[in-house]
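> Got a structure for you, written out below as structure tokens; questions coming shortly.
The values are calculated or read from the model by the stated rules, or taken from the named source; none is laboratory data. As the structure is a computational prediction, the values presented were derived from the model and not from experiment. Methodologically, a virtual Cβ is constructed for each residue, glycine included, from the backbone with ideal geometry; neighbour enumeration extends over all protein chains shown. Note: areas computed on protein heavy atoms with side chains; ligands, DNA, RNA excluded. Shrake-Rupley method; radii C 1.70, N 1.55, O 1.52, S 1.80 Å.
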Amino acid sequence: MTVFISKIYAGLLSDIEIPSQLARHLRRADDFIRLGVAAAHNVLGDEMLQTSEEKCSCGIFLSTFTGPMNTNIDVLKEIVHLNPLSPTLFSHSVANSAVGYMANIFNIQGCTMSCTEFEFPFFRALEQGMCTIESGLVSSCLVLQVETYSNLLKDVRQKQYPESDEWQPGVACWFLTNNETTAQFSIDSLTIENTDTNDCNYLSCEEHVTLNQEKWSHQDPLKTARLLSENLSKNKKSPMVCVSRAAHSTVRLEISPSCSWQL
Amino acid sequence: MSKRILPEISVIGYGCITAAGATSLASWDALQQRRVNNKIIPSIFEAPCFYVDEENSTFQVLSKSDLRPHNRTISLALFAIDEALYQAGLTLEDLRGKRVGLALGTTVGNTFHNEAYYMQWENGEIPDPAPLHQYFDNNLALYIQRLLGINGPRVVITNACASGTDAIGLAKIWLEQGLCDLAIAGGADALSRVACNGFKSLRLIAGESCRPFDKNRQGLNPGEAAGVFIMERDEQSDHKKLSLGFVKGYGIAGDAFHPTAPHPQGRGLQLAIRAALLDAQINRQDICMINAHGTGTPSNDIAETQAVFEAGIDPSVPMVSTKGITGHTLGAAGGVEAVLTLLTLNHGHIIGTVGCTHPDPLLNFPVIPEAESQALAGIIGISQSLAFGGSNSVLIIEGGAQ
């Protein structure tokens, strides 16, 4: 079965705008949740998931490098200082907090999963999203990578790797579907090959990305997914081959423009 | 119902380590004896917890000398995996280079919560970097994939308390879709002050031994554990392993209701049960037992029993919770409970819910209290999990050992 991409969004935390109709839902949310919800709104809009069948057959696969680490640290702070812990703060520190908010706000009642992964988180989520559509468990799903990193990691990296790229909190989000009529692209193949190493330093790991003929090198765990998403959004008429190599693994993704989109 | 032609997914090994016992059979034996082994661990929490004493545990397939520094969640997972590999008759040589999927659920196993590091950092000192290095070296599935030398899909599912169930369900899909030839799946979680205090903040902690489904239940007891299945497509049993059972169906659905509380009618769980029955291609009447999530919190037990009733399961089907002997082991719970469900099916009788002496009359589905046990009328059962975020997951498991 072919899996299609019908919507794509990528953004940085600094650029995210929360639509007014979502502000009430997110008044107590942390940045990790806000990124996930804002990205989902960008790809789903206000009109999606009208029928009961749509709601139950739509899923979410969110993968993340560090999860809501700033909120984890806030919880740790309360515990080490023996302060009363806010139930809201604790519930937002759980790794699937963003997925829970997204499912609640957009009434998504199908398969929802959060995953934590240090090696190409977005592509691991994409692999699971494709697999579950092919299996028939869902007919569509949001695939996201959400990163807020944390002030702690930012501080550590500035001290240990002052020359390296700054990690930029943000999100990449695709809406996958088995329905070609709304598709912009079809996913032709995805392979992820692991390297047999125990020595990868994830704080400074370099990724070498090739998108067709263009090349980048960077150290930001979200950047490959953002670059790919932005390139696909700009150029909907050409096939795309994305190869990203790091010390830990190599990803190869081949995407074609959808026939229906070109008509 | 349209019939799909999918391979049967066979369980060829299982393992678990809980506070009740260092192996699956030891945990099973504690369940038969209704033995409750919880205690207050002052360094962790002020209320009773189920803490695993793994000091005397040994490996039969793995080797301690091969292990890099690792956290307690990984340690628990390795004991469960070692038992499962041994039971399946698999050596590391059998696994190396093979397409072996690894799906593991956890909650705190993949978070950074080193208090000493945090305090030094907060005070502007330069902390010892070792805890942070270990955090980055201790992704649960990545660490174990590299240790076992296996190739194949891997995932760490962090779906809160349904993580272990989802890991087994996802691995079933991988096998059906041909992404791997063998899969190791389940959950692991160590006790943490973060989770214990978090549940306390939500007023979900019992000050005494937990009493799932009891009219006087106060809440849950935190626990730690690991539980896994080793699974393969039944058609490919080239090493002629005895099938110990089957993962026949998987269903997952969301409440889309509240970040932490279950939907009062268990809307998502109803959907998940129906989806799992459809996936298993069986009828409700084929179910002979339910191993419930049964945390012992007032809201969970009401919503869960309501959902099972609404899903149309016959009230004569015995429903229990095993958390009275394991505690709520969070990301491990789905893995541990899948193992205990399979053991129950293979033994043909079910033990009542430890801690439940007077079932709550407000529950909408009857449960088996501690003093009772029942012979099972079939070989297919349900193991189900509910989680923060409104996620609900159901496995349908068939016994295999005769």
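> Compute the distance in nm between two label points, each set 7 Å from the Cα along the Cα-to-Cβ direction, one at A:GLU134 and one at A:ALA247.
3.1 nm
> Return the distance in nm (one decimal) between the two label points of a simple spin-label model at B:GLN134 and A:THR210, each offset 7 Å from Cα along Cα→Cβ.
Between B:GLN134 and A:THR210, the label points sit 4.1 nm apart.
> Just checking the output field for A:98-109: average partner chain Cβ neighbours within 10 Å of each residue's Cβ? Numbers along the way, then the final one.
Values: counts 1, 8, 14, 3, 3, 10, 8, 1, 1, 3, 4, 12.
Averaged over the peptide's residues, the number is 6.
> Of the options A:GLN168, B:VAL61, A:ALA23, report the single residue whose Cα projects farthest towards the positive end of the charge dipole of the protein assembly as shown (beta-carbon charges: Lys, Arg +1; Asp, Glu -1).
A:ALA23
> Just report the Cα centroid separation between segment B:186-233 and segment B:362-402, whole Å.
17 Å
> Gap in Å between the Cα centre of segment A:126-173 and the Cα centre of segment A:30-46?
Using only Cα atoms, the two centres lie 14 Å from each other.
> I've got another one for you. Probe radius 1.4 Å, ligands and nucleic acids ignored: give me the carbon and sulfur share of the accessible area of the protein assembly as shown as a rounded percent.
Its accessible area is 48 percent carbon and sulfur atoms.
> In the structure shown, do any of A:LYS154/A:LYS223; A:LYS55/A:LYS236; A:LYS77/A:LYS223 have a Cα-Cα gap over 23 Å, and if so which? Let's see the in-between values first.
Details: A:LYS154/A:LYS223 16 Å; A:LYS55/A:LYS236 28 Å; A:LYS77/A:LYS223 30 Å.
Pairs exceeding 23 Å: A:LYS55/A:LYS236; A:LYS77/A:LYS223.
> Assuming 0.36 nm per residue, please report the length gained on full extension of the stretch B:HIS349 to B:SER43 beyond their Cα-Cα distance. Show your work: numbers first, answer last.
Values: separation 306, 0.36 × 306 = 110.16 nm, distance 3.85 nm.
Stretched out fully, the B:HIS349 to B:SER43 stretch lengthens by 106.3 nm.
> Label point 7 Å out from A:ARG28 along Cα-to-Cβ: which residues of segment A:77-120 have amide N under 14 Å?
A:85-94, A:101
> As an exercise, take the mean of 1/r over every pair of distinct alpha carbons in the protein assembly as shown, invert it, and state the Kirkwood radius in angstroms.
About 24.5 Å, per the Kirkwood formula over Cα pairs.
> Specify the inter-centroid distance of segment B:120-145 and segment B:301-326, based on alpha-carbon positions, in whole Å.
Result: 41 Å between the Cα centres.
> Let me confirm one metric for peptide B:296-307, namely the mean number of other chain beta-carbon atoms within 10 Å of its residues' beta-carbons. Provide the component values of the computation, followed by the final result.
Values: counts 0, 0, 0, 0, 0, 0, 0, 0, 0, 0, 0, 0.
Shielding by partners across B:296-307 averages 0.
> Which value, in debye to the nearest 20, describes the size of the charge dipole of segment A:3-262 about its Cα centre when Lys and Arg Cβ atoms bear +1, Asp and Glu Cβ atoms bear -1, and nothing else is charged? Kindly include the intermediate steps, with their values, before the conclusion.
Numbers: 19 positive and 30 negative charges, 102 e Å.
With only Lys, Arg, Asp and Glu charged at Cβ, the dipole is about 480 debye.
> Wrap a convex hull around the Cα atoms of chain A, take a quarter of its surface area, and give that in square nanometres. The partial results should precede the final answer.
Values: hull surface 60.1 nm².
Taking the Cα atoms of chain A, their convex hull projects to 15.0 nm² on average.
> Mind ranking B:176-189, B:211-224, B:57-70 by how tightly packed they are, going by the mean number of other C-beta atoms within 10 angstrom, highest first?
Values: B:176-189: 26.6, B:211-224: 24.4, B:57-70: 12.6.
Answer by packing, highest mean first, reads B:176-189, B:211-224, B:57-70.
> Let me ask you something else. Could you give the size of the charge dipole of the protein assembly as shown about its Cα centre, using +1 on the Cβ of each K and R and -1 on the Cβ of each D and E, expressed in debye and rounded to the nearest 20? Provide the component values of the computation, followed by the final result.
Details: 47 positive and 69 negative charges, 145 e Å.
In total the dipole reaches around 700 debye.
> Between A:LEU253, A:LEU44, A:LEU85, which gets the highest mean-square fluctuation from a Gaussian network model of chain A, Cα cutoff 10 Å?
So, out of A:LEU253, A:LEU44, A:LEU85, the one fluctuating most is A:LEU85.
> HN-Hα J couplings of segment A:180-194 from phi, Karplus 6.51/-1.76/1.60, θ = phi - 60°, integer Hz, Gly and Pro as x?
Per residue, the Karplus-derived 3J(HN,Hα) values read 6, 5, 9, 7, 9, 9, 10, 8, 7, 6, 9, 10, 10, 10, 7 Hz.
> Starting from the amide H of B:ARG99, placed 1.01 Å from N in the peptide plane, find each other amide H under 5 Å away whose residue is 5 or more places distant or on another chain.
B:ASP181
> What are the residues whose amide H is under 5 Å from the amide H of B:ASN221, where those residues sit 5 or more places off or on another chain and H is modelled from the backbone?
Hits under the 5 Å cutoff: B:ALA206, B:CYS210, B:HIS328.
> Which is farthest toward the positive dipole end of the protein assembly as shown among A:ILE108, B:SER75, B:ALA171, measuring Cα position about the Cα centre, with Cβ charges +1 (Lys, Arg) and -1 (Asp, Glu)?
Farthest towards the positive pole: A:ILE108.
> Just want the answer: with Cβ charges of +1 for Lys and Arg and -1 for Asp and Glu, which residue in B:GLY400, A:TYR202, B:VAL367 is farthest toward the dipole's positive end in the protein assembly as shown?
Final value for the positive-end residue is B:VAL367.
> Any idea of the accessible area per residue across segment B:9-399, 1.4 Å probe, to the nearest Å²?
Per residue, segment B:9-399 has 31 Å² of solvent-accessible surface.
> So, one more: Would you calculate the convex hull of the Cα atoms in segment B:1-44 and tell me its volume per residue in Å³? Walk me through the numbers before you get to the answer.
Details: hull volume 7.9 nm³, N = 44.
Given the Cα convex hull of segment B:1-44, per-residue volume reads 179 Å³.
> Need one word for segment B:138-240: rounded, prolate or oblate. Basis is the Cα gyration tensor (sqrt eigenvalues a ≥ b ≥ c); a/c below 1.5 gives rounded, then a/b vs b/c decides. Don't skip to the answer; put the middle values down first.
Numbers: a/c = 3.16, a/b = 2.10, b/c = 1.51.
It comes out prolate by the Cα gyration axes.
> Further question: How crowded by other chains is B:124-136, given as the mean number of beta carbons from other chains within 10 Å of each beta carbon? Please list the in-between numbers first.
Working: counts 1, 0, 2, 2, 0, 3, 0, 0, 5, 3, 0, 3, 9.
Mean shielding by partner chains, rounded to a whole number: 2.
> While we're looking at this one, here's another question. How much net charge surrounds B:GLY152 when only the other residues with a Cβ under 13 Å from the Cβ of B:GLY152 are counted, with Lys and Arg +1 and Asp and Glu -1?
Values: positive: A:ARG124, B:ARG96, B:LYS98, B:ARG99, B:ARG146, B:ARG154; negative: A:GLU127, A:GLU193, B:ASP181, B:GLU232.
Local charge sum for B:GLY152: +2.
> Determine, at each q value in 0.20 (inverse angstroms), the log₁₀ of I(q)/I(0) that the Debye formula gives when each Cα of segment B:94-194 is one equal point scatterer.
Values returned for q = 0.20 Å⁻¹ are -0.95.
> Let me ask something else. For the residue pair B:GLN60 and A:SER217, what label-to-label distance in nm results when each label sits 7 Å from Cα along the Cα-to-beta-carbon direction?
Going by the 7 Å Cα→Cβ label model, 5.0 nm.
> Can you work out ³J(HN,Hα) from phi for every residue in segment B:363-380, in order, using Karplus 6.51 cos²θ - 1.76 cosθ + 1.60 and θ = phi - 60°, giving whole Hz and x for Gly and Pro?
5, 9, 9, x, 10, 8, x, 4, 6, 9, 9, 9, 6, 7, 9, x, 10, 10
> Rounded to two decimals, what ratio of Rg to Rh does segment B:1-114 give with C-alpha atoms and a Kirkwood Rh?
Numbers: Rg = 17.3 Å, Rh = 16.7 Å.
Ratio value, two decimals: 1.03.
> How are the C-alpha pair distances of chain B spread across 20 Å bins, as whole percents from the shortest bin up?
Values per bin, smallest distances first: 31, 59, 10, 0.
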